[in-house]
Amino acid sequence: MLERKSSFNPKLDEFEMSFNVYMDYVNRQIKKDINYMPHPFVRALLIAHSEAGNGPNGRYLGVSSLDDSSLGCYSVVLEKRGDKFSILAIQNIDLNLEVPVEVGIYLLILSMRIEKIGGNEILPEDAVDIVNDNIPVLNMILFNNDEWIPARDYCRDVMRRDKRNNEVIEKINSDMTWRDYPSTVRSIIAQYWILEKYPEMLVQDKCNITYTMTEHTIPKKTFLDNILFMLCGEPSKYFDDRFKWTYFSDLVSSDEKINGKIKVGRNHPCKCGSGKKNKYCCNINYL
Amino acid sequence: MDSMVIREIEKITEEYFTLLEDYFGTIYIPGLDVSLQAFRIEKYQLASKMLIASIEDLQKDLFNFWEKHADRMISFINNSNIFKTTYCGNISPLNHNGFINRTALYVDTILIKEPIGYLMFTKPISTDEAYIYNIIQHAFNLFELKKLFFGEGAIPLFIIIPPIFDEKGQNEIYGIAEEYGTQYVNNVLESDFNEREEIFEYLSSINDLETIKQLIKNPQLIDFRGMSVEDYLMEVHENISGTFQNGNDFSIGKTLAFKIFGQFSNISYELTHAIGLNSQIIFDRSDYWDLYKNHFIFKSDPDTLILESLQQSEFKWLINYDMEKFNILRNEEELVQLRNILRKNIYNANNALTSEKVKYQVLSNIEEAFLDHTFMIDEINSKLRKKLSVDGLVVTGAAVSGLIPASLALLPLISTVTASYGIFDFVHQFSRLNKEKKELKNGVMGMLFDARTKK
C-alpha cells in the first residue's frame, strides 16, 4: 500500500516493513474478532486512503473517529500521485503533536503489547517493562512510592544547600502527602533520589526517565500519551542527540515542489539562516 | 503410499503454510536469498521489535495446529512403506552445496521437524537479533521450498513433522545427548568427566585460547572445517556468545562446551525422531556425519553410506539439475529405479562396507547408467537415420506413384491408398521414435546427464 518515493530511503523502507507487519497482525485479529479496531492513526490512514481511492491526485486528510478514541485521536495527511501514496504527516490531535516515523512504529508496537493486557488500564510495572523492552532509546525507572519520605527529605536538603529552586522547596511541605504533590514536584524528587541512591539503574546513551505513579493502575491512553509526549513533545528537544527522529515531511525532497511551492522539512536547516532546525525556529512548511 | 494419504498429508501441509503466510507473507520477497532478507530485517531494529511483538501468537497457533494434526501425520508416515529419511543439520534444509539435490535422488521423502515452533522456544535465551534472523531465514526458506512439499501426485519430497513436545521425549533426548556428548568430550580431552554439568563447570572457567588448545589431546576428533584450531575456537565463541542474551559473559571454554553439546543435542533429537518414525537419518554437514558415525551406535548400513557419499565433492555436479523440474518428473517407479541404479553391487557382507568403497561404487553405477542412457539415445538416432533414408524414399516413391492418371483403373487407387498408408506409417513411427528420444532426454536420467555435462 505504501510506496517508496524517488530513491531508496532506509527509514521509509523500515516504516513500510513495520506497517505491513502491523497490518498482517490487524488482519489476524479481525479473523478472531470482527469488531477489532487497529490503532487510531492507522484508522486515520485507512480513511485517507479510502478517500483517495479512485480520486484525483492530491492530498487527503483522514481523522480517526472522535467517538471511539480509546487510544487517542489522530489525523493523517496522505498524498496521492498516480497509484503511489505517501504519508506527509501523522498528528496526535489531543496533544497537538506531529508524530515522527520512528515514534509511529513505537506506537504500533506498544499498542500490540498493551492489547495483550486486558481492560483499559495497565499496571505501572507492566508499563515500564513494555517501554524498556521495546523502545531502545528510553530507560524508564519506576520510583518506589514507599521511599517517598526519605526521597523528599533528601531532595529538600540538597536544594536548600544549593540555594536553588526555591519555588520547588516551598511546595515540598512536610504536611503534604505524596499524592498531594504536583506531578512535576514528584518527578523532581524522584529524579534526585534515583541519581543519589540508585545510579546503577541509569543506562548510558539512553534517555533515563524516572516515572512516578500514585495510582495502582494507569489508563492505557494516558500511558501512551505520556510516552508520546516524552518522545516528541516539548521535553524531547533536550535529547536531540538521542532522539534523532525523522519526520514524514523530511522524506520529501527539500527541493520538491508541491503545487508550485518548495517543501521544507521539519528537521532541515531553517531558511532564515539561523542555523537552527526548522521545527525549532520559523517552522515554515513551504516557500 | 496411497494417493488418498498423500492428499491428506498435503492438506495438512497447506494449512501449515497458510498459517505461516498469515504471519510472514507480506514481508517475504520470492527469489531473493533468504539469508540476505533475514539480514536486512535484523538490521532494522524497530521493524524487528515490531515483528517480535507481532509473532508472539504464532507459538500458540502452532501448538494448536499440531494438537489437531500431529497424531494423524505420524500415523500416515508410520503406516507408509516408503524410503524416508529424517533431516538433521540446520534448523531447516538450506540448499547450500546442493544438499537437497543430492539427497532427492535416493529417497522417497525427507522428514523435517517443524522449524519455526522449535525456534520460538529459544526466544527467552536468544538476543533479539539472533532470534529474528533465524526465524526469518527459516520461515522464508520454507517458502522457497514450498513446492517440494507437494508431490504433483507422487510422494512429496518434504514432509513436515511435529516437534517433540512431551517431557518424556525431551528427557530421552537430553539423556542420549548427555551420554554420548560426555563420552566424546572425554575422548577429545582425555578426561574422565561423568556428566555434562561437570564439563560445563570446568570449561567455563577457561578463557584462554592457548590453554584450550593444549587441553585438546585428540584434535582429529573435531571437524575444524579447514580452519586452524584458534580460528575455529574464536568463530565458535563469536557465534555462540552473539546468540545468547548474556553471551558477552561466556568464556571461550563455555562456548566450546555449548557447541559440542549443541551438536549432540541436535543429533539426538533427530535420531529420536528417526527411530520413532522408522526412518534413516541424513545430515547436511560433514561434522554431523562424523559425529554420528564415530560416536553414536552406528551400523554401516548401505543406505546411510550411499546417502553420505552423495554429499561428497565427487557429486558436486548434482547441484546443476533443476530441483523443481525433478519434482514434477519424479514418481515412485522412477525413484525405485534410481535407487536400484545407485545401490547396484553394494552389499554389506560381514560389515565390510566403508564410506570410500561405497562412494566409488556409486560413482561407477552412475557412469554405467549414463553409458546405458547414451547408448539408448544413440540407438534411437540410428533408427531415425535409417528410417529417414529408407522409409523416406519409399514414402516419396509411393506419393509419386499416387499421382499416376486415372486411366489405369484400380492401380492408381491402390497405390494412392498404399501411399497414404505408407506416409501415415512413416510419420507415426518417426514420431514415436522421436517421442521416445524426447522422453529419454527429458526424463530423470536425461536431466541428470545434462547436469553432469553442464559447465
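Bear in mind that the values in this text are calculations on the coordinates, not laboratory data. On a predicted model such as this, the values are computed, not experimentally measured, just so you know. Cβ sites come from the backbone with ideal geometry, for glycine too, and all protein chains shown count toward neighbours.
Where both residues lie in the protein assembly as shown, what percent of DSSP beta bridges are antiparallel, nearest 5?
Bridges in the protein assembly as shown that DSSP calls antiparallel: roughly 60 percent.
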Worksheet item: So for the stretch A:11-115, Kirkwood radius off the Cα pairs, Stokes-Einstein at 37 °C and 0.692 mPa s: how many µm² s⁻¹?
Response: 232 µm²/s
Worksheet item: Looking at B:MET234, B:GLY253, A:GLN91, which one has the Cα that reaches farthest to the positive end of the dipole of the protein assembly as shown (charges on Cβ: Lys, Arg +1; Asp, Glu -1)?
Response: A:GLN91
Worksheet, complete the sentence: Note on the stretch B:224-318: contact order normalised by length, alpha-carbon pairs under 8 Å, 6 or more apart, percent, works out to 17 percent
Practice prompt. Treat chain A as a sphere of radius equal to its Kirkwood radius over Cα pairs and apply Stokes-Einstein at 4 °C in a medium of 1.567 mPa s; give the translational diffusion coefficient in µm²/s, rounded to a whole number.
Written response: 61 µm²/s
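So how strong a dipole does the protein assembly as shown carry about its Cα centre when Lys and Arg Cβ are +1 and Asp and Glu Cβ are -1, to the nearest 20 debye? Present the calculation step by step, with values, prior to reporting the outcome.
Working: 81 positive and 103 negative charges, 602 e Å.
The dipole of the protein assembly as shown has a size of about 2880 debye.
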Discussion item. I'd like the Kirkwood hydrodynamic radius of the stretch B:146-233, using the inverse of the mean 1/r over distinct C-alpha pairs, in Å.
Written reply: 16.5 Å
Practice prompt. Pop out the ³J(HN,Hα) list for the stretch A:106-123 in order, Karplus 6.51 cos²θ - 1.76 cosθ + 1.60 with θ = phi - 60°, rounded to Hz; leave Gly and Pro as x.
Written response: 4, 4, 5, 4, 4, 5, 5, 5, 6, 4, 5, 8, x, x, 9, 10, 9, 6
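Would you mind calculating the gained length between B:LEU371 and B:LYS299 on full extension (0.36 nm times residue separation, minus the Cα-Cα distance), in nm to one decimal? It would help to have the intermediate numbers written out before the result.
Values: separation 72, 0.36 × 72 = 25.92 nm, distance 3.28 nm.
So the chain would gain 22.6 nm between B:LEU371 and B:LYS299.
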Discussion item. Taking amide H atoms as placed 1.01 Å from N in the peptide plane, list the residues 5 or more away in sequence, or in a different chain, whose amide H sits under 5 Å from that of B:THR127.
Written reply: B:PHE244, B:GLN245
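Using only alpha carbons, build the gyration tensor for the stretch B:3-163 and give me the equivalent ellipsoid semi-axes, biggest first, whole Å.
Sorted largest first and rounded, they come to 27, 18, 13 Å.
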Response to the item:
Residues other than A:GLU121 with Cβ under 15 Å of its Cβ, Lys/Arg counted +1 and Asp/Glu -1, net out at -1
Item to complete: Return the loop-located trypsin sites (Lys or Arg not before Pro) in the stretch B:267-372 (DSSP other than H, G, I, E, B) with at most 15 other Cβ atoms within 10 Å of their own Cβ; answer none if there are none.
Response: B:LYS299, B:LYS344
Worksheet item: For the stretch B:336-375, what is the convex hull volume of the alpha-carbon atoms per residue, in Å³?
Response: 56 Å³
Fill in: Under Karplus coefficients 6.51, -1.76 and 1.60, residue-wise ³J(HN,Hα) of the stretch A:141-155 in Hz, glycine/proline x
10, 8, 6, 7, 4, 5, 9, 5, 5, x, 5, 4, 4, 4, 4
Fill in: 10 Å Cβ neighbours from other chains, averaged over peptide B:14-27
2
Item to complete: List the residues whose amide H sits under 5 Å from the amide H of A:ASN139, counting only those 5 or more places along or on another chain, with H placed 1.01 Å from N in the peptide plane.
Response: A:CYS207, A:ASN208, A:ILE209
Response to the item:
Projecting the Cα atoms of B:MET1, B:PHE244, B:GLN170 onto the charge dipole of chain B, where Lys and Arg contribute +1 and Asp and Glu -1 at Cβ, the residue farthest towards the positive end is B:MET1
Worksheet entry | Per residue Cα convex hull volume in Å³ - calculated over the stretch A:87-144 | 114 Å³
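Just how large is the dipole of chain B about the Cα centre, in debye to the nearest 20, putting +1 at every Lys and Arg Cβ and -1 at every Asp and Glu Cβ?
Charge dipole of chain B: 2260 debye, to the nearest 20.
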Worksheet entry | Extreme residue, positive dipole direction of the protein assembly as shown, given options B:TYR269, B:ALA139, A:SER64 (C-beta unit charges) | A:SER64
Practice prompt. Calculate, axis by axis, the spread of Cα positions in chain B along the three principal axes, and write the results as whole Å, longest axis first.
Written response: 111, 52, 40
Worksheet item: Hey, which of these cross-link pairs are over 20 Å Cα-Cα: A:LYS31/A:LYS84; A:LYS171/A:LYS237; B:LYS43/B:LYS254; A:LYS11/B:LYS43; B:LYS113/B:LYS168?
Response: A:LYS31/A:LYS84; A:LYS171/A:LYS237; B:LYS43/B:LYS254
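In the stretch B:86-189, which GluC sites (Glu not before Pro) fall in coil by DSSP and have 16 or fewer other Cβ atoms within 10 Å?
Values: sites: B:GLU129, B:GLU144, B:GLU152, B:GLU167, B:GLU172, B:GLU178, B:GLU179; in loops: B:GLU152.
Of the GluC sites (Glu not before Pro), the ones in loops of the stretch B:86-189 whose Cβ has at most 16 other Cβ atoms within 10 Å are B:GLU152.
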Worksheet item: Which values, in whole Å and largest first, are the semi-axes of the equivalent ellipsoid of the stretch B:207-253 obtained as the square root of 5 times each eigenvalue of the Cα gyration tensor?
Response: 20, 12, 8
Worksheet item: Tell me, what HN-Hα J-couplings in whole Hz come from the Karplus equation 6.51 cos²θ - 1.76 cosθ + 1.60 at θ = phi - 60° for each residue of the stretch B:372-384, using x for Gly and Pro?
Response: 4, 4, 4, 4, 5, 5, 4, 5, 5, 4, 5, 4, 4
Discussion item. Using only DSSP helix segments of four residues or longer, with each worth -39500 (n - 2.57), what per-residue ellipticity at 222 nm results for chain A after dividing by its residue count and rounding to 500?
Written reply: -12500 deg cm²/dmol
Item to complete: Assuming a ≥ b ≥ c are the square roots of the Cα gyration tensor eigenvalues, decide whether the protein assembly as shown counts as rounded (a/c under 1.5), prolate (otherwise, with a/b larger than b/c) or oblate.
Response: oblate
Worksheet item: For chain B, what is the mean residue ellipticity at 222 nm derived from helices alone (per DSSP H run of n ≥ 4: -39500 (n - 2.57); sum divided by total residues; nearest 500 deg cm²/dmol)?
Response: -22000 deg cm²/dmol
Practice prompt. Enumerate the amide H contacts of A:GLU121 below 5 Å, restricted to partners 5 or more residues apart or on another chain; note that Pro and chain-start residues carry no placed amide H.
Written response: A:LYS220
